[in-house]
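The values are calculated or read from the model by the stated rules, or taken from the named source; none is laboratory data. Since the model is a prediction, treat every value here as computed from it, not as a measurement. Neighbour counts run over all protein chains shown; Cβ positions are idealised from the backbone, glycine included.
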Amino acid sequence: MRGQVLGALWLVGRLLEQGPKSKDKLCSLHEPEVDCISKGKARVRYEFGTKVSLATTLDGGLIVGARSFPGNPYDGHILAPALEQVEILTDTRPGLAVVDRGYCGHGVETTRVLISGQRRGITPALAKLLKRRSAIEPEIGHMKSDGGLARCPLKGRSGDALFAVLCACGHSIRKILAHIRALWDIVIRFILGIIGGARLRFHNQ
């Protein structure tokens, strides 16, 4: 109990001493590890939490990688660890990664990286893949609204890492179930069409 009180007093002292331009600002007393992430958007200028990198397939949008990066690192520095996680989970090194402009200066050499807005060496096929980059934005929105990624109930950096993976798993499971429902609907329609055709032939006879 005494240790908790001393820890709380230390956090309060740290909060009172920090200034507008201080590094490693304390943004939350109950979650000291939280980071202030600049979004650069007029509607939401800042978000408070832990940066999470998501990797999806270009075709189906299935999540194949979800990794938290505490400390709000530069986006270009997290691409290599994110691709490493994808390789570990899928047992396949990605041959192509399509990212936004924030990943300039990534330093990745083992995987070809296409950056949004890139013009040099872009063929029509690669330009089509670049357009698929925007498809991840609605996936992130669904994970935040439907999967609860916007608010992590688990404490600490380990909780952030675990919750990111759980949200990614839940999102992929929802997409798989949606594909199964669509396939089942096609099968049912096909069976009903066969039954309807058989009944029509029976009445004609």
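What the table below lists for this structure:
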{"read-out": "Near pairs, Cβ below 9 angstrom, 6+ apart or cross-chain, from the stretch 147-171 (modelled with pLDDT under 85) to any residue that is among the β-branched types (Val, Ile, Thr) and in a loop (DSSP other than H, G, I, E, B)", "value": "Cys152/Thr50"}
{"read-out": "Flag if Glu84 is farther than 27 Å from Leu177 by Cα, part of a loop (DSSP other than H, G, I, E, B) and of a type in the set (D, E, K, R)", "value": "no"}
{"read-out": "Enumeration of residues in the stretch 82-97 that are in contact with a helix residue (DSSP H, G or I) (Cβ under 9 Å, 6 or more places away or on another chain) and within 21 Å of Glu137 (Cα to Cα)", "value": "Pro94, Leu96, Ala97"}
{"read-out": "Residues satisfying the stated conditions in the stretch 54-63, i.e. part of a strand (DSSP E or B) and either hydrophobic (A, V, I, L, M, F, W, C) or outside the structural domain of Cys152 (by TED's automatic domain parsing) (or both)", "value": "Leu54, Ala55, Ile63"}
{"read-out": "Selected residue (criterion: nearest to the chain's Cα centre (by Cα)) from residues of the stretch 110-127 that are surrounded by fewer than 11 Cβ atoms within 10 Å (Cβ to Cβ) and of a type in the set (D, E, K, R)", "value": "Arg119"}
{"read-out": "Among (1) within 18 Å of Val64 (Cα to Cα); (2) touching a strand residue (DSSP E or B) at 6+ places or on another chain (Cβ under 8 Å), the one test that His142 misses", "value": "(2)"}
{"read-out": "From Leu166, Leu154, residue being touching a helix residue (DSSP H, G or I) at 6+ places or on another chain (Cβ under 9 Å), under 25 Å from His30 (Cα atoms) and either hydrophobic (A, V, I, L, M, F, W, C) or surrounded by 13 or more Cβ atoms within 10 Å (Cβ to Cβ) (or both)", "value": "Leu154"}
{"read-out": "Residue satisfying condition, being among the small types (Gly, Ala, Ser) and surrounded by 11 or more Cβ atoms within 10 Å (Cβ to Cβ), within set Ala178, Ala161", "value": "Ala161"}
{"read-out": "The one condition in (1) in a loop (DSSP other than H, G, I, E, B); (2) free of Cβ contacts under 8 Å to residues at least 60 places away in the same chain that Glu31 fails to fulfil", "value": "(2)"}
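Per-residue answers, yes or no, for (1) small (Gly, Ala, Ser); (2) out of contact with any helix residue (DSSP H, G or I) (no Cβ under 8 Å at 6 or more places or on another chain):
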residue: Ser53; (1), (2): yes, no
residue: Thr56; (1), (2): no, no
residue: Leu62; (1), (2): no, no
residue: Gly71; (1), (2): yes, yes
residue: Ala80; (1), (2): yes, yes
residue: Val99; (1), (2): no, no
